[in-house]
1. Order of Val84, Val140 from fewest to most other C-beta atoms within 10 Å?
2. Between Glu71 and Ala13, how many nm apart are label points set 7 Å from Cα along the C-beta direction?
3. Report the local net charge at Asn76: Lys and Arg +1, Asp and Glu -1, summed over other residues whose C-beta lies under 12 Å from its C-beta.
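Every read-out reported here was derived from the displayed coordinates using simple, explicitly stated rules and does not represent laboratory data. Note that this is a predicted model, so its numbers are computed, not measured. Using ideal geometry, Cβ is built from the backbone for each residue, glycine included, and neighbour counts are taken over all protein chains shown.
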Amino acid sequence: MKRYFVCIAIILAVMVLPAISAFSQGPETPVKEDKAVAPAPQAAQAVMAQTPPVAPAEAAAKTNELSIYGEVQAVNVPASSISVQYYDYDNDEEKTLEVSLDKDSKLENVKAIGEIKKGDWVDVTYAVTAGKNMAKMVSVEVEEPAAEENAPVETAE
């Protein structure tokens, strides 16, 4: 009989102790889930009416834009193109890319392609159109004048 009470006491202790320790840690804070509130159908229609439609070709062109940064190797003004040597991190090698400019290409820090010269560093955003690399934007890096390294230092005497 004594063994029977000892076994019941052990079983109760095993069952009750985890419950007691869970309550002694304090109440659990419920995790709030961020749920997006679906707009009313009228509100959604109003928003869609205000948003201008985007042509599928225009949307695809924006997603297919690529960008490189490199040194100009050649400028072909009659063909309106530049060759840029850049480092391809994906393949771990230097590559040269010819990029054509058209009337829609934006130039930054220069007014015309004729102002770009070999050795300039450029940031080019382009898209491949009909197998040709067409520049969307060409930004020429402007060198800042270097501070004089041997400038005299004024000393107070």
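1. Lowest count first: Val140, Val84.
2. Placing both labels 7 Å along Cα→Cβ, they lie 8.0 nm apart.
3. With Lys, Arg at +1 and Asp, Glu at -1, the net is 0.
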